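What follows is a short report on a single structure.
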There are 2 protein chains.
Amino acid sequence: MTEQKLSDKPAPVGGAMEPALSALRGPAGPVVPGPGAVAALRPLGLDQALLHPDGLLGRWRRRNTEETLPHCVDNLYSKGNIGNLQAAAGEGDQPFTGMWFADSDVHKTLEAALWELGTSPGDTRLKEFVDTTAALLARAQQPDGYLNSYFTIAEPDARWRRPNWSHELYCAGHLIQAAVAGGRVGAHPGLLSIARRFADLLVERFGPGGVEEVCGHPEIETALAELYRLTGHRPYLDLARRFLDLRGRGLLGEGRFGPRYYQDHVPVREAREVTGHAVRQLYLLAGMTDVAMETGDRAMLDAAERLWDDAFGTRTYVTGAHGSRHREEAYGDPYELPPDRAYGETCAAIASFHWNWRLLLATGRARYADEMERVLHNAVAPAVSADGRHFFYSNPLQSRTGHEGSGEEAASRRLPWYSCACCPPNIARLMASLPGYLATADHTGLQVHLYGDASLTTTVAGRTVRVAVRTAYPWQGRIELSVHGDDVQAPWTLALRVPGWCEAYTVSVDGEQMPASARDGYVRLTREWTPGTRVVLDLDMPVRQVRAHPRVDAVRGCVALARGPLVYCVEQADLPSGAVLEDVRLDPAAPITAGPRADLPHIPVVLGARGLLADPGDALYTAGAGRERTSGPLTFTAVPYFLWGNRSEGPMRVWVPVTTAG
Amino acid sequence: MTEQKLSDKPAPVGGAMEPALSALRGPAGPVVPGPGAVAALRPLGLDQALLHPDGLLGRWRRRNTEETLPHCVDNLYSKGNIGNLQAAAGEGDQPFTGMWFADSDVHKTLEAALWELGTSPGDTRLKEFVDTTAALLARAQQPDGYLNSYFTIAEPDARWRRPNWSHELYCAGHLIQAAVAGGRVGAHPGLLSIARRFADLLVERFGPGGVEEVCGHPEIETALAELYRLTGHRPYLDLARRFLDLRGRGLLGEGRFGPRYYQDHVPVREAREVTGHAVRQLYLLAGMTDVAMETGDRAMLDAAERLWDDAFGTRTYVTGAHGSRHREEAYGDPYELPPDRAYGETCAAIASFHWNWRLLLATGRARYADEMERVLHNAVAPAVSADGRHFFYSNPLQSRTGHEGSGEEAASRRLPWYSCACCPPNIARLMASLPGYLATADHTGLQVHLYGDASLTTTVAGRTVRVAVRTAYPWQGRIELSVHGDDVQAPWTLALRVPGWCEAYTVSVDGEQMPASARDGYVRLTREWTPGTRVVLDLDMPVRQVRAHPRVDAVRGCVALARGPLVYCVEQADLPSGAVLEDVRLDPAAPITAGPRADLPHIPVVLGARGLLADPGDALYTAGAGRERTSGPLTFTAVPYFLWGNRSEGPMRVWVPVTTAG
C-alpha cells in the first residue's frame, strides 16, 4: 500500500477533535480506567481512533450517524419520552407514556449524540438536540437532585419504594453514562452537573451509613465507576462498590422470578455461574470489572473471569448472543442453546461487548477482544437493518417456515421501534463510540484489536505514534498498516491481534516476511519504527464448518458456516422454488465456495455449498431405522448472518444439518 | 383365563351404583352426547365401567381416591380457596387469597369428588366435603346468580369488565362441570340448581340480543354443552355456540400477547393451526367438538379435525404433551418441539385427553383413542408422584445436568402444590372419571379403547352385555376378555382397538385363532356370543426406537425408546458413577432388553440398552470434522417416563443421541 492510495480515501468520519472539546480527564472515549486503576491497557479516545467511512465498521458508524441516531431522536418525541420529561418539568400535561423506565431511552440517545459530537463537533442538529434535552433534564430535575419522570408524574409516592422493579437507579445510571460521555468529549458540562447532583443524592441516600439497597436492574454500578473516573470523586466509586457488596443478601426479595433472575442469590465474589436476565447479568459483570479495576479487587475480577468461563463455555451462541429463553429474557441451563428460540437480546450483545472491553483493559487477554469481534459482527450488527432504521430486539439463529412473528416478542423482521425500546438507542450509543474500541495502548506501544479502515494515534513514552490501517476486513484477511508519527527512535511494540478463529497467517514488514509467532493472541512487532514502515498481516480465511459441543442438543448433526469473523446463514430467499429450508442438508465433504455473486452485489463474499434436499415424509414420529430419504442434490447459498432479513421476510437458519454419514 | 381366576381378584373399586344415585339423563359419566347429537359412539357410565384396583389404571384411580383427592381438599382449605368463598358468603374476613381464578380449583375438586361418589356413594368423608362445599357455594352465590369469590370480595366493581383476563366464565364453566358430574351420578341436585342459576344469568346477559363477549380462557363452551346434555335446556347449547361464533372478531382485544394467544384471531371454523396458550386452545377445541356434535355443525367438526391434524402432525411431543414454550404457555411454530424447554402443561395433556374423547365419540376414529392412550400414560400420569401428593405443572422431556429447578416454573421435582394450582385438581377430576373413558357402545355392540383390568357393562339392542377384561397391560400385550351377560342370541360386535404403535398381533376366541384383520384400528368380532366366551388379543410389544420427523431439529440424531404405549427415559440415577447423562449414546444396532430388574421391583418392565459414553471435550464451538470421541462402552437402563423423578432429583432425558454412524 502506498501513501498515494491512502490519500485517495475519503476523509475520516467527522474529522479531528476541535481543541475546545478536550476531555476533562483521560481520552475522549468510553471506559477510561483511572490513574490508580489496575489495568493492563488504556483506551484511545474518539479523537485518537478514526474510522474511515468506506470500511464495514466505518459504514456502520456512518449509518448510525445518518440514520439510526436521528431515528432515535424522532422516536423520543413521537413516542412520548420527551413529553414525559416535559410533564415532569411542569411544562406539559402528558400522562406518563411508555415503559416506566422510558427516561433511559432519552439518556442513551443523549449518550450516543455526545459520542458523535466527539468526532463531529460541528453537527449543529445533534448539538441542538443535546442542548435542548440537557436543558429539559435540568428543569425536570427535582430540587433534591432526583430525576425520573415516571416517579415524578405518575407515582410520586412510590419513589425509592420498589428497588427490585423500579429501574430508578438503572435510569440514573444511563443519565450518568450520558453525562460521562459529555464530559469525556467536553461537549456538555451542564449535563454533568445534572448527573452529579443526582449522583450526590444517591451517595447521600445509599452511601455508607445510608439505606442498604441495590437496584433490580444493574447499570448504576458501571455508571458510578465511570463518573468516578471522570471526576476523581471517590464517593462515586465507593457507592458502586457498595452496591456490589450488598448484592446476594436478599435485599431484592423473591420478586416475580426469584433472586437468581436479578443476580441477588449469591454475593458477587462467590458467583460461579451466570444466571437469570442476561442483560442484568452482563451489566452487573461490567460494573464488577470496573470496580475491580479501580480498587484492585482481585476476588471481584476473579469472579468476573470465572463467570466469563461459564457464560462463554456453556451458554453463548455461536454468534456471541446471550440469552436462551424468552421467558425472563434469561440464560438457560448449561448447553441449553436453542437456535429457534434463541432470545439473544440486542442489549445483551451490547452489554457483552462492553463487559469484554473492560476485561480486555483489565487483563490484556486476547480472548476478550476475540469476543468483542464476534459479538459485534454477529450479534450487534444483525440487530440493525440495512437502512439503519429497523431493529431486532431478539436475535434468533433460526426462523422456521410457518413462524408467526408479527409481534414484537419474536418478530420475523426488524421493526422501527419497540414498546420496550431499550435496544435501538443502545445500538446508537455503541455505534457512536465504536472507534474508541479499536485499539489500546500501554507503556510498550499500541495494540490493535478490531480491524477496520482506520487511523490510530496515541502516545508512547511521551511521543506521538500514528498507525493507518487499510483493509477489506472482514471480507478479506489482508490488513495493511502504515506506521507514522514523530521520529521515534526508541523501540516500541505494535501488537496485532490474531483472531482465535485464525489458524494460519503471515506477517511482513516492508515486504520482509517475519516469523509468524503470535503469543497470547497477538503478533508483537518490537522495533525502532521508521516513519512510513508498512506492515502487512495476512490472515488465512477459509470457510469453516463450525460444530457445537455435543451437549448442545439443539444443533446436533448440524454445522454453522463461518468465514473470518463472520457467521453465515441460509435464507429461504436463496433456495430454489419449492425447496423448504428445513429440508436442506449440507454435504460436509463438498468444497464450499466463497466470493461475490452477481445478484447480491451488496455482499462482497457469499458462500456456495452443496448438499441434498431431504424428503422428510409426513409422520411426526416413526419407529425403526432412521435413514433419511432425499429428493435430490442441491446447491445453495449462505449469506452473512448480520445481513439476514433484509430481503423478503422468510425462513432463515444458521445451523444446517449435514447429510447423514454413509 | 378361567372364571376361577377372575373371582380371585379383589372387588372392583367402589362397587356398583346404588339405585338411589341414578343419573338424570344418560350414563353416569363425563361427556354424554344428547339424544339429537351426531355422534358415532356413546359412552358407558361410571356404573358400567369398573376398574379393578390392581391393574395400572385401577391403581392410578385408587391412588387418586386415597391420596390426590384428599390432598386437594386439604389444600383448598390451607391455601385459602375455601376462605375466599366464605368471605364471599359474608362469613369471614379473609382478604382474597391466591389467583383470581382460585374458585376453579374448588370446582374441579368438587367435580372429582362427585365422580368418585359415582362409584363410591358410601364415602362419607367425600360426601361431607361435597355437601359442605355446595352449601357454601349456595351462600356465596349472589342474588342474581353470579358466583365468583374474587369479583365479589376483591373487585366488585370489575365484574364482567375484563373478559380477556378475568376468567369469570372459565370459573363458571368449572362450576357447571362439577354440577354436571353431580347430576350425572345423581349425587347433588342442589349443586345443579346453583350452577343453573348462574348459567341462566349467563344466558340472560350473553345470550341472543345480549352482550357480545367471549372469555379469554375457554371452558364455558364445553361446560354449557354438557349442561345442555344433562338438562335438555336448549338455551345453554345456544349460548355455547354463540360464544364460539363470536370468537375471532377481536372482541378480546390485543391483550398482553395478541389475539392468537387466546384464539381470537380468526373465526373458529376458519382456523387452520393451533395457536397460543395450549390449554385455552384445547379447551376451546373440546367445546367446538361438543357443539358440533350437538348441532350437527359439520364445518365446526371439520375445523376441529383440521386443527387436530396440525397439532398432532407438527406440534405434539412424543409423550402426547402440548405446549413448546414457557412464555405464554404456548404452542410453538410447526416442528418446534424442544425437549428441555417443553412446557407440556399437565392441564394441556388433560385437555387433550378430553378433546380426543369427544372426537372419538363424534367420529369413532381410532386415532383419537390412540391419542388418549398416549397422553394418559405419558403426559398425564408423569405429572403425579408415586405417592399421589406431588405434581408437575410443566412436563419437560429432558432435565439437564446443572438444571436450576427450585421454583415452580421449571421444577426439577414434583411439588405438593402450586401458586397457580390448576393442575392437581384437574388430575383429580380426570382420574376420578377414568373408568368412563375405557369403552363405548353403539348399535352394533361394544368398543374397548383403553386396556386395563376392568368390568364393562352396556346394553346392545336392549339386552345387557358384560365383558370382563384381564390384562397386565401396559406391561404386557396380552389382553384377555370374557364375555358374559344375558343369553344374547342376536349377534353383536365386540371391537377391540389395535393401537397405532402395534405392528403385529393375534386374536383368538375360545382358543381358536381368528384372522388378525383390524379395520380402521379395531379388530371387530361379530358373533352370537355364548356366555363365557373367552377372547384373547395379544399385541406384539417389542421395544421401539422412535425417531422424530426430520424437521424437529431439537432431537436430530436421537431416538426415544418406547414399548407398547409407554415412552421410556434415561435417568442419571441409573448411570454408572461419573457418567454424565448428556454424554450417553445409544447403539441403535444393539439389542435392547425388556424385563424386570431386581433393584427396581416397582417397575415390571425396564429396558436395558447398549452404547457408548462420549468424551465431548471442552470447547463450546470448534471448526472442522465432527466425529465424536468416546471414552468407552456403556450399558444403561431406561425406565418408563411416567415414573421419572420418583427417586433422587437428577437429570433425565427421553431422547437419547445414537452413536455416530460408521
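Table for the structure above
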read-out	value
Vicinal HN-Hα couplings computed from phi for region A:89-100 (Karplus, 6.51 cos²θ - 1.76 cosθ + 1.60; Hz; Gly/Pro x)	7, x, 10, x, 10, 5, x, 4, 10, x, 5, 5
For A:Y505, distant residues with modelled amide H under 5 Å away	A:D540
Only Lys, Arg (+1) and Asp, Glu (-1) charged, at Cβ; chain A dipole about Cα centre in debye	740 debye
Whole-number percent relative contact order across region B:278-358, with pairs defined as alpha carbons under 8 Å at least 6 apart	35 percent
Shortest-first nm distances, B:S78 label point to equivalent points in other copies (7 Å, Cα→Cβ)	5.6
Gap separating the Cα centres of region B:265-294 and region A:562-600, nearest whole Å	39 Å
Residue-span extension gain [A:R139 to A:E66] - 0.36 nm each, minus C-alpha spacing	23.4 nm
Spacing of the two label points (7 Å from each Cα toward its C-beta) at B:E628 and A:R234, in nm	5.7 nm
Gyration tensor over alpha-carbon atoms, region B:488-604, equivalent ellipsoid semi-axes in Å	40, 18, 11
Accessible surface ranking that places the most exposed of A:S149, A:S193, A:S577, A:S455 first, with a 1.4 angstrom probe	A:S577, A:S193, A:S455, A:S149
Nearest-0.05 FRET efficiency for A:W165 and A:S419, computed from C-beta distance (R0 22 Å)	0.85
Karplus-derived HN-Hα couplings along region A:469-485 (A = 6.51, B = -1.76, C = 1.60, θ = phi - 60°), whole Hz, x at Gly and Pro	10, 10, 6, 9, 4, x, 6, 10, x, 7, 10, 9, 10, 10, 9, 10, x
Nitroxide proxy distance, nm - points 7 Å out along Cα→Cβ at A:R524 and B:E155	6.5 nm
Pair A:S508, A:T401: separation of 7 Å Cα→Cβ label points (nm)	5.0 nm
Helical mean residue ellipticity (222 nm; -39500 (n - 2.57) per DSSP H run of 4+; nearest 500) of chain B	-9500 deg cm²/dmol
At 7 Å out from Cα toward Cβ: B:G92 inter-copy label distances (nm, ascending)	5.0
For B:A495, net neighbour charge (Lys/Arg +1, Asp/Glu -1) across residues whose Cβ lies under 13 Å away	+3
Most to least packed among A:321-331, B:421-431, B:201-211 [average Cβ atoms within 10 Å]	B:421-431, A:321-331, B:201-211
Cβ-vector label at 7 Å, A:T530, separations to other copies in nm	11.6
Stokes-Einstein D for region B:551-657, Kirkwood Rh over Cα pairs, 4 °C, 1.567 mPa s (µm²/s)	87 µm²/s
Contour excess over end-to-end distance, with Cα ends at B:A579 and B:R597 and 0.36 nm allotted per residue	4.4 nm
For A:E480, solvent-accessible area (1.4 Å; no DNA, RNA or ligand), Å²	40 Å²
Cα coordinate range in the protein assembly as shown, projected on the principal axes (Å, largest first)	117, 71, 53
Length-normalised contact order for chain B - Cα pairs under 8 Å, 6+ apart - percent	13 percent
Furthest towards positive pole of dipole, B:I603, B:L114, B:I592, structure part chain B, Cβ charges	B:I592
Value of Rg to Rh for region A:442-539 (Rh from inverse mean 1/r over Cα pairs, i.e. Kirkwood)	0.93
Cα-centred dipole magnitude for region B:99-153, charges only on beta-carbon of K, R (+1) and D, E (-1), debye, nearest 20	60 debye
Region A:402-418 - phi-based ³J(HN,Hα) in whole Hz, Karplus 6.51/-1.76/1.60, Gly and Pro as x	x, 4, 9, x, 7, x, 7, 5, 9, 4, 8, 8, 5, 10, x, 6, 10
Size of charge dipole - region B:551-657 - debye, nearest 20, with Cβ of Lys, Arg +1 and Asp, Glu -1, no other charges	360 debye
Chains B and A, summed buried accessible surface - 1.4 Å probe, Å², nearest 100	4900 Å²
Region A:442-539: relative contact order as a whole-number percent, Cα under 8 Å and 6+ apart	30 percent
Gyration tensor verdict on chain A (Cα atoms; rounded if a/c is under 1.5, prolate if a/b is larger than b/c, oblate otherwise)	oblate
Of B:L192, B:V543, A:L227, farthest towards positive along the dipole that unit charges on Lys, Arg, Asp, Glu beta carbons give the protein assembly as shown	B:V543
Under the span-like rule (Cα at least 30 Å along the axis, Kyte-Doolittle mean at least 1.6), DSSP H helices of chain A	none
Buried on assembly, region B:397-418 (at least 10 Å² less accessible surface than by itself, 1.4 Å probe)	B:R400, B:T401, B:G402, B:H403, B:E404, B:E409
Percent accessible area from carbon and sulfur atoms, chain B, protein chains only, probe 1.4 Å	50 percent
Accessible-area order (highest first, 1.4 angstrom probe) of the listed residues A:D370, A:D599, B:D333	A:D599, A:D370, B:D333
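The values are calculated or read from the model by the stated rules, or taken from the named source; none is laboratory data. It should be emphasised that the depicted structure is a prediction, and the values quoted were computed from it without experimental measurement. Every residue, glycine among them, receives a Cβ derived from its backbone with ideal geometry; neighbour counts consider all protein chains shown. Note: accessible area is taken over every heavy atom of the protein model, side chains too, but ligands, DNA and RNA are not part of it. Shrake-Rupley method; radii C 1.70, N 1.55, O 1.52, S 1.80 Å.
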